[in-house]
């Protein structure tokens, strides 16, 4: 209160300061630091909390510049800031968006929050500063920041550990997939492997059954015709000799065709066959192919080719021929004598379409779903020679050509197989 009394004696005729002095108790016992500076920035009044805060004795700061309480690294600019405040005085908080520091008598620094309130009297302009030491708060904030940083660090470490663990799991999974013999193989891979083994077993069974059946018939015909041939030769019955030689020839052709299918399937499965596109005369190619297949037609069967104006195309001639040999061969095999087989070709938007139409036994809707499976034979084709590999091989050839195949068929009314191949 002595400071206030002294201020009263110095400014007895100042009603504004007398109003402040009337709040002496609040000033003296406030926990916040309060100080008053004049227009020159000199300290004219401060409360005990401010003195304790800055480490000065009572009355020791009176008359000294406010910059004495500011760290030396900031004091040079502070005077400029103070003049700027004097030009536009208004109540405000200092240091918005930045940290403020104050300096103690012993040179120590501590963080503060400061609010300024200007006022004017007959004795001049004054500024009241309310100062709060926020060292404890900053300490808590720093602790919180450190704990948050530590938590983020731990979180990153956990994420990294998870990522490393996922990588290890992925690597282990890859190892399991690559090593079928390892007991650690995953359930899904094991199930897939078992399914493949089962499918392979079924395939082997069907292969043995199909090949045994299909080879038994022509072999029996060859043996029978060979036996009869010897007898007809002794009798000089050359007409019957020729007939049995024809049977032997047909049986050998059939066996050769089956062996060719099996060899083609093996090469396809091993990836030994690749598409090798090249430019060729398509119309000439189709005319020669139709003539070749006409020689294999049944009595009265006629192949009708439509390939108007299609000259040079760029694709794998060999694979296209293998596909058409199978399709036209099936049309001949599953059609009756004295029927026509139509082969129509067209090009649209870089796609070559070839359709083979017959009037044979047709295919049921149920059989269409399995038609391209290995060794599959349609129910109505069980008594007709074949391995059930032709359409499966066709589908593999078309995969190499980037093409596709579609079917339109009705039982006892024939079928239309259409292949579409991209060409240059």
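The values are calculated or read from the model by the stated rules, or taken from the named source; none is laboratory data. Source: prediction; values computed, not measured. No Cβ is skipped: glycine too gets one built from the backbone with ideal geometry, and neighbour counts run over all protein chains shown.
Before moving on, here are some points about what is shown:
- Test: residue 138 is outside any strand (DSSP E or B), modelled with pLDDT under 90 and either touching a strand residue (DSSP E or B) at 6+ places or on another chain (Cβ under 7 Å) or buried (at least 16 other Cβ atoms within 10 Å of the Cβ) (or both): yes
- Some residue of the stretch 368-390 being within 19 Å of residue 318 (Cβ to Cβ), surrounded by 19 or more Cβ atoms within 10 Å (Cβ to Cβ) and modelled with pLDDT of 90 or more: no
- Only a single criterion out of (1) within 60 Å of the chain's Cα centre (by Cα); (2) farther than 16 Å from residue 113 by Cα; (3) modelled with pLDDT under 65 is not satisfied by residue 83, namely (1).
- Condition check for residue 302: at pLDDT 90 or above and farther than 17 Å from residue 418 by Cα: yes
- The lone criterion from (1) closer than 14 Å to residue 331 by Cβ; (2) out of contact with any strand residue (DSSP E or B) (no Cβ under 8 Å at 6 or more places or on another chain); (3) modelled with pLDDT of 85 or more left unmet by residue 396 is number (1).
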